[in-house]
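Remarks on the structure that follows.
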Amino acid sequence: MLLFQKNGKPIMQLLKEDTHTQQARLADYCRTGNTPNLIDIKQDNLYQYRRLVFNIASDTLETAYPITYSFLPQNVWEKLVYDYFAEHKCQTTQVWRMPLEFYDYCKEKNLQETLGVPFLNDLLYFEWLELDVHTMEDIAYPKTKEIGSWLTDVIVLNPEHKLIQLSYPVHTTAPTENLDEKKGNYFLLIYREKQTGNVQFIDLSMLYVFIIENIINGITLNIILEEANTLLQINDIDLLTQHALTFLEDLKQREFVLGFLS
Amino acid sequence: MNHSIGIGFRKDFAEELLNTNDLKPAFIELAPENWIGMGGYWKKELDKAAEKFPITCHGLSLSIGSPDEVDVNFVKQVKQFLKHYNVKIYSEHLSYSKCDNAHLYDLLPIPFREDAVKHIVQRIKQVQDILEMPLVLENVSYYTSVAAQMKEEEFISAIVNESGCNMLLDVNNVYVNAFNHNYNAKEFIKKLPLHKVAYVHIAGHEQVSDTLIIDTHGQAVIDPVFELFDYASDLIKPVPVLLERDFNIPELSELQNEINRLDAIVSKKWQTNYAIA
């Protein structure tokens, strides 16, 4: 007998509406804490479900966002988590990815303005990315050669990285240190070390972002520097080259530059 | 030699498990949701674990009792994971953790009702068709039933018998439920579809009041649960047995002692050890 359509939806709805309602009310209670109208329950024990469900959500978020959790007053954090879990329907099947939905929720609700914490989005994003880069799926490393020309060979970078822009220096300054007064343009490279799997952060200037972005696009350094020299009106290609080479040698030491394309 | 008793693979003791011989499980169990799509350090650790031990999987997010549609893409992801790690047993909970398109990440009790049986049987068949292997479903612990119209054992038996799935007998859950709902654990076990038991779980729990035990997996297994396991093992065929310990992880030697005790129980009555792979 054919039970399902091609899209996986059941042809026959076998669950009665009343049963569905009971299940939905219990689930809603677990998300909101609002007293449910349920049939034949042990009222004294019902709270255990709300407690257990909410604790999982709360613990997962505390673990993912330890800086935000420590910074926000306890009652503000608790209300934030409570509202999120009540208002937002978590979509991921993987609880460890659920904090990303929390970040999206805060951003969408513009809670940084509501809470008067202008760097909230940046802080959550920064904390999420540490987790994200640590756990992101492995990306195959390109074949490289150790010896090559910095200027004319294609430089190969560790592919397991993210390059991001922030409005507040949440990666260098604690939230308690007048962070809200430091609005600007900040660039951050986050990458995963191949051997250890540890996540590393490097604060970047706009010039170095320009260089890295172009290296990612397969452009050789000599062309990148010529363009940078013009665009940024530096007018000193030798000085620029010297800075770039020092920067790239440092990235090689840190195992972000892997070598040259073979 | 222990051929039948496994341990839940926890990040808390992964390194020690992989690099020492303090704990010698016959296999390890993990939740695919915690590993699917993961790279980096933990992927390497998982791959090392897969080289050292056979793996069984015990899922958390299938939500087989959900009123919602089956998440087909998720099931396909699980299937790929099972294939990659050569997993022969994929078990899940006879409960729901998603409702009206919202995941809850914990196990809620399904109303023990005939229409729920039919609905879940249909969903099990759909999942099994995708996986091309039988599901193994666990009797869950619960702190209140909701809108029940039939007995728990009737509910479980109907689902297992009508769907063709196998059963994970969670001995601790039987103990916890028997205490919380005031029934006889042994009588309850006898009424289950024991011929379909393909996997056993055993764990510790926490009694929080005179009338309530919470299934925490955070304490050592207590003697009455070992005794209930001893009783149940007389009634079922040899199957893999899993010691669950999710929190308050003790010295691994303590977990090994629990494994040894379980092994001693089954080795005297199960003539053929169950080889997981």
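Read-outs: derived from the displayed coordinates by stated rules, not from any lab. These figures come from a predicted structure and were not determined experimentally. Counting neighbours? That spans all protein chains shown, and the Cβs are built from the backbone with ideal geometry, glycine included.
Brief remarks follow.
- Qualifying chymotrypsin sites (Phe, Trp or Tyr not before Pro) for the range B:46-110 [loop in DSSP, other Cβ within 10 Å: at most 11]: none
- Selection from A:Leu163, A:Leu232, A:Thr220, by position along the positive dipole direction of the range A:139-262 (Cβ): A:Leu163
- Net charge over other residues, Cβ less than 12 angstrom from the Cβ of A:Leu15 (K, R count +1; D, E count -1): -2
- Length gained on full extension, A:Phe201 to A:Asn222, computed as 0.36 nm times the residue gap minus the Cα-Cα distance: 4.9 nm.
- Cα-Cα pairs of the range A:139-262 separated by more than 26 Å (percent): 26
- Label-to-label distance, A:Glu17 versus A:Asn178, with points set 7 angstrom from Cα along the beta-carbon direction: 6.3 nm.
- Toward the positive end of the charge dipole of chain B, with +1 on the Cβ of Lys and Arg and -1 on the Cβ of Asp and Glu, the farthest Cα among B:Asn101, B:Leu255, B:Gln122 is that of B:Gln122.
- Using the Cα coordinates of chain A, the gyration tensor eigenvalues translate into equivalent-ellipsoid semi-axes of 48, 25, 15 Å, sorted from longest to shortest.
- Longest DSSP-loop-exposure-free segment, GluC sites (Glu not before Pro), chain A, at most 13 other Cβ within 10 Å: A:1-136
- Model label points for A:Asp28 and B:Glu154, set 7 angstrom from Cα along the Cα-to-Cβ axis, are 2.9 nm apart.
- Sites count as exposed loop sites when they are GluC sites (Glu not before Pro), lie in a DSSP loop, and have at most 12 other Cβ atoms within 10 angstrom; the longest stretch of chain B without one is B:1-131.
- Dipole check for the range A:1-133: with +1 at the C-beta of Lys and Arg, -1 at the C-beta of Asp and Glu, and the Cα centre as origin, the magnitude is about 580 Debye.
- Of all DSSP beta bridges confined to the range B:100-259, the antiparallel ones make up roughly 20%.
- Order of A:Asp132, B:Asp47 - criterion: other Cβ atoms within 10 Å of each residue's Cβ, fewest first: B:Asp47, A:Asp132
- Additional length obtainable on full extension of the chain from A:Glu255 to A:Asp40, 0.36 nm per residue less Cα span: 71.2 nm
- DSSP bridge pairs, the protein assembly as shown: antiparallel proportion in percent, nearest 5: 50
- Within the same chain, lysines fewer than 8 places from B:Lys151 are excluded, and of the rest, those with a Cα less than 17 Å from its Cα are A:Lys42, B:Lys118, B:Lys186, B:Lys190, B:Lys191.
- Projecting the Cα atoms of A:Val53, A:Thr246, A:Gly259 onto the dipole axis of chain A, where Lys and Arg carry +1 and Asp and Glu carry -1 at the beta carbon, places A:Val53 farthest toward the positive end.
- Environment charge of A:Glu160, counting only residues whose C-beta is closer than 14 Å and scoring Lys/Arg +1, Asp/Glu -1: 0
- Calculated P(r) tail over 29 Å for the range B:5-267, as whole % of Cα pairs: 28
- For chain B, a simple Cβ point-charge model (Lys and Arg +1, Asp and Glu -1, everything else neutral) yields a dipole of about 880 debye relative to the Cα centre.
- Shape category assigned to the protein assembly as shown from the gyration tensor of Cα positions, a/c cut at 1.5: prolate
- Trypsin sites (Lys or Arg not before Pro) lying in DSSP loop within the range B:173-276, provided at most 14 other Cβ fall within 10 Å: B:Lys191, B:Lys268, B:Lys269
- Counting only Cβ charges, +1 for Lys and Arg and -1 for Asp and Glu, the dipole size of the range B:81-128 around its Cα centre is about 280 debye.
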